[in-house]
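I have placed the structure first, in the form of structure tokens, so that the comments after it can refer back to it.
The values are calculated or read from the model by the stated rules, or taken from the named source; none is laboratory data. Being a predicted model, the structure only gives us computed values, none of them experimental. Note: ideal-geometry Cβ built from the backbone for every residue, glycine included; neighbour counts use all protein chains shown. Remember, those area values only see protein heavy atoms, side chains included, never the ligands or the DNA or RNA. Shrake-Rupley method; radii C 1.70, N 1.55, O 1.52, S 1.80 Å.
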Amino acid sequence: MEIELSCNSYAFESLTVEPFNAEPPRSALISSYVTPVDFFYKRNHGPIPIVDDIESYYVSICGLIENSKDLFMRDIRMLRKYNITATLQCAGNRRTAMSNVRTVKGVGWDVSAIGNAVWSGAKLADVLELVGIPNLTSVTRSGGKHVEFVSIDKCKEENGGPYKASIPLSQATNPEADVLLAYEMNGEAQYSVVALFLVVWATSCLNPVELTSWLTLNSNAYSKFFLSIIMPKPLNRDHGYPLRVVVPGVIGARSVKWLDTINILAEECQGFFMQKDYKMFPPSVNWDNINWKSRRPLMDFPVQHNTETCWLTVRNLLTRGRECDEAWKADPQLLYNLQAKVSGYAVSGGGRGIERVDISVDGGKNWVEASRYQKTGIPYIADHMSSDKWAWVFFEVIIDIPHSTQIVAKAVDTAANVQPESVETIWNLRGVLNTSWHRVQVRVGHSNM
């Protein structure tokens with residue numbers, strides 16, 4: 001096995017090189033409901049591993065179970081395949097805004113350490129059934145209550161050991177929790193010009209007898225060739241090839257990439273990133289008085305949103321920057337006839353839907369409700385079966401603005417959880433879970449975010 005850094009970062013702002021961490025530009029984030037792989041944020045705690053022999057790769061399931069088992073990729077692919085649309089978000093998303101209050105420790109994420117993908121693979125509940133753990137099990141006969149995921153990658157926080165995290169067994173064995181061992185991301189058939197040419201040639205230029213003979217003589221070589229081209233996209237290295245865990249509705253740190261081992265434990269994982277990181281403390285705690293044991297590891301992420309775009313409209317003309325300046329110079333009265341188009345994403349953890357998104361142009365005194373949507377042509381109804389319960393929701397509204405102002409937005413989920421108004425009240429020394437109201441400053445003549 002080799003270790004190397006990923007270099008496929010042309011569309012990203014690189015925040016750290018070793019380990020490699022990067023996020024896409026704001027403008028690209030909500031360009032698509034399903035985030036293209038090339039625009040999905042990259043979070044790593046160590047060098048990115050390369051698994052170069054997929055035939056010999058396997059995952060060990062062991063611990064407090066009666067029968068341990070090694071599963072190869074062919075074993076996992078034989079299980080029923082599920083496609084789950086789920087948003088993953090780093091717990092440190094929007095950390096930079098928190099660091100503006102007081103210094104925090106961590107990667108300086110802006111607002112794009114988040115992405116929404118269609119993950120495909122076997123449900124963890126089905127995998128655990130292979131080792132004798134039934135669905136909806138809270139404790140095994142041997143006392144196992146937690147499922148630990150151990151990665152191939154190594155990180156300095158574990159003293160050179162593997163990255164690891166865990167979730168409760170009750171969550172892992174619940175089919176409705178949709179925890180996946182994913183081997184595809186945004187899976188879709190890929191066809192090359194060469195492959196299409198061969199298909200057309202074989203079917204149009206050969207008679208049935210010749211075609212059968214040609215396929216028989218070249219079956220091994222061409223079957224591998226076609227499968228390599230037409231098969232759905234596997235995970236790439238940045239996102240966990242060949243196999244990763246996806247835990248929907250939970251902070252991204254628990255969705256372990258490059259899976260090596262599944263351990264059934266009596267207690268939650270004792271790894272660094274479960275016990276000495278990814279915990280939220282009050283503003284009064286600093287590095288001198290911190291007690292890591294006093295807080296539980298973060299799991300479900302709170303309701304979150306971000307306002308991604310803000311365009312100024314003058315008399316039905318969508319304008320921005322220099323165009324606005326020229327329009328206003330020609331007709332100063334346009335200063336009193338402005339509208340703003342505000343759009344962005346909202347998401348909540350635990351499978352909770354987004355009940356509403358509120359927009360204000362006067363600091364929160366008055367609010368306008370934005371429209372919400374996920375899929376084109378399908379009305380979004382929070383917690384309805386037609387909606388993706390683990391995925392973000394886009395919002396949009398066109399609102400009158402009387403002058404230069406600050407646009408404020410906040411989201412509310414179906415459990416009536418509301419984003420806090422001030423980042424100061426939720427400041428913490430690790431800069432995690434900044435879910436405060438997002439604010440966009442709009443000035444006459446141009447807009448700044």
Restricting to segment 414-449, what's the tally of residues that are assigned to a loop (DSSP other than H, G, I, E, B), aliphatic (A, V, I, L, M), over 12 Å from A97 (Cβ atoms) and modelled with pLDDT under 95? 1
Is there any pair linking a residue in segment 271-283 that is open to solvent by 50 Å² or more (accessible area, probe 1.4 Å) to one that is modelled with pLDDT of 95 or more and in a helix (DSSP H, G or I), with Cβ under 6 Å and at least six apart or on different chains, and which? F272/E157; F272/E158; K276/W292
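When the residues of segment 270-303 are filtered to those that are polar (S, T, N, Q) and part of a loop (DSSP other than H, G, I, E, B), which remaining residue is nearest to V357 (Cα to Cα)?
If we filter segment 270-303 for residues that are polar (S, T, N, Q), which is where we start, we get 270, 275, 284, 286, 289, 291, 294.
Right, trim to part of a loop (DSSP other than H, G, I, E, B) and you get 270, 284, 286, 289, 291.
Details: Q270: 38, S284: 31, N286: 34, N289: 38, N291: 36 Å.
Among those residues, the one meeting the criterion is S284.
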Whichever residue in segment 126-170 is touching a strand residue (DSSP E or B) at 6+ places or on another chain (Cβ under 8 Å) and assigned to a helix (DSSP H, G or I) and, among such residues, is most open to solvent (accessible area, probe 1.4 Å): E158
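Rundown of residues vs (1) of a type in the set (V, I, T); (2) within 23 Å of the chain's Cα centre (by Cα); (3) surrounded by fewer than 15 Cβ atoms within 10 Å (Cβ to Cβ), yes/no style:
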{"residue": "V361", "(1), (2), (3)": "yes, no, no"}
{"residue": "A370", "(1), (2), (3)": "no, no, no"}
{"residue": "T376", "(1), (2), (3)": "yes, yes, yes"}
{"residue": "W390", "(1), (2), (3)": "no, yes, no"}
{"residue": "D400", "(1), (2), (3)": "no, no, yes"}
{"residue": "T405", "(1), (2), (3)": "yes, no, no"}
{"residue": "T414", "(1), (2), (3)": "yes, yes, no"}
{"residue": "Q419", "(1), (2), (3)": "no, yes, no"}
With the requirement that a residue be under 15 Å from T87 (Cβ atoms) and part of a strand (DSSP E or B), what does segment 12-45 give you? E23
Subset of segment 9-35 [open to solvent by 50 Å² or more (accessible area, probe 1.4 Å) and over 29 Å from G161 (Cβ atoms)]: Y10, E13, P25, R26, S27, S31
Only one of (1) within 26 Å of V432 (Cα to Cα); (2) open to solvent by 60 Å² or more (accessible area, probe 1.4 Å); (3) charged (D, E, K, R) is not met by R80, so which one is it? (1)
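Identify, from the list D53, D38, the residue that is surrounded by fewer than 18 Cβ atoms within 10 Å (Cβ to Cβ) and more than 30 Å from G108 (Cβ to Cβ).
Working: D38 fails: more than 30 Å from G108 (Cβ to Cβ).
From the options D53, D38, the qualifying one is D53.
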Residue check for A202: open to solvent by less than 20 Å² (accessible area, probe 1.4 Å), small (G, A, S) and at pLDDT below 55: yes
Could you tell me whether segment 63-73 includes any residue that is hydrophobic (A, V, I, L, M, F, W, C), in contact with a Gly (Cβ under 8 Å, 6 or more places away or on another chain), modelled with pLDDT under 95 and in a loop (DSSP other than H, G, I, E, B)? no
Look at segment 385-413 and say how many of its residues are at pLDDT below 95, in a loop (DSSP other than H, G, I, E, B) and not small (G, A, S). 3
